[in-house]
Amino acid sequence: MSLTTFSFPTPTRFGAGSIRELPAHLARLAIRRPLVVTDGGLVKTDAFRILASVLGEGGRDLDWFVFDGVHPNPVEDDVRQSAALFMAKGCDGVIAIGGGSPLDAGKAARLLVKRPGFDFNKFYSEPADWTGLVPFVAIPTTAGTGSEVGRSSVITLDSTHRKAVIFHAELLAKLVVLDPELTVGLPPRLTAATGADALTHCIESFTCPQFHPMCDGIALEGISLIVEALPRAVRDGRDIDARGRMLVGAAMGAIAFQKDLGVVHSMAHPLSSLCGMHHGLANALCLVAGMNFCARTKPGLYRRVGIACGADVLNCSDGEADCKTIGFITQFLAGIGLSAKLREHGVKAEHLDALVDQAVDDPCHRTNAVPVSREDFRSLYLEVI
């Protein structure tokens, strides 16, 4: 058995109204001049108004500033602009609020605060000392990426126009606030898409062949939580219990995928960088095809996923267990409105070559349950376009 390392993040405050404790947490972290990183849509929401109210109650020693220019799929300039504003205002900590994009941008901005002008293309080729990054507080308003508990940031780089995964333990948040009250305004379609992202994380991380049984257990429980709670959250956005369970399920998915991911994510990343598709939606529309592909080569792969979903697979053959599990996932996604083809979201046949090129280069499929070739990617995209 090979040597490996296990670790789990991150101090988390969970529950309805937990955002109201934020000033006390900021004082503990010695943050008096935070930069709030978010996007232009989020600043118009009740979630941001609640945050503004809470920060306004923080006392005379608390000054805060806002960068609200993060793109739906964050780009390198988002990181550079937020870091520049941080330094111009003399800030001492970052609060990121929103979906995975502001959280990823906020995390990465701290790297440029420590090393202004750093070239992200050299992140792995020229390793630097990243200890002592300014403190980071993550407040998700969607239940999808789990970026709040992640040690990575996914950014589209200027030089390649491709998504790059910036990974380092120092990127972890000093505090995560999971307050379901902040997610009640998320529309049903985004609730569904972000929830499907979390589900994909759990499924792909569980079936990733890397050895990490603790992550396996978290992934399976995450699947169980999401399958039960997501339809309720889509149906009734004010269901606080469902919203809270989804926040926890999304965080569990992100913790689990420190094992790594698979073919579905390698398909989804180019759909975002090339076609502007929401990451969770891209995962949802590729998930069933990816599962079928893996099951054909490795029968029985999804039996325990099926058990976690509540599918009747215990006494089935391996092939039948996979079939029932994938059928369950197909119906589950259709039930929350995620059964369309990629072409219905602007993806065209002429995108195919570029999609395949980027998918092949994407690292996620290197830890897929079964090997994936260039022709496999082409066939998979043709199946879902």
Does Ser82 meet the test of being within 30 Å of Arg162 (Cα to Cα) and touching a residue at least 12 places away in the same chain (Cβ under 8 Å)? yes
For region 125-145, state whether one or more residues are of a type outside the set (S, T, N, Q) and part of a helix (DSSP H, G or I). no
Which residue, of Cys275, Cys286, Cys294, is within 19 Å of Pro209 (Cβ to Cβ) and assigned by TED's automatic domain parsing to the domain that holds Cys208? Cys294
Within region 202-220, residues closer than 12 Å to Val305 by Cβ and surrounded by fewer than 24 Cβ atoms within 10 Å (Cβ to Cβ) come out as Asp216, Leu220
Of all residues in region 61-89, how many are closer than 21 Å to Thr145 by Cα, of a type in the set (A, V, I, L, M, F, W, C) and modelled with pLDDT under 95? 1
Just to be sure I understand the filter: pairs with C-beta atoms under 7 Å, separated by 6 or more residues or on different chains, first member in region 200-218 and closer than 17 Å to Ala251 by Cα, second member at pLDDT 95 or above and among the acidic types (Asp, Glu). Which pairs pass? Phe206/Asp216
From the option list Ala321, Ala354, Ala349, Ala311, single residue qualifying as modelled with pLDDT under 95 and of a type in the set (Gly, Ala, Ser) is Ala349
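The values are calculated or read from the model by the stated rules, or taken from the named source; none is laboratory data. None of these values were measured; they are calculated from a predicted model. Because the Cβ atoms are built from the backbone with ideal geometry, glycine has one as well, and the counts that use them run over all protein chains shown.
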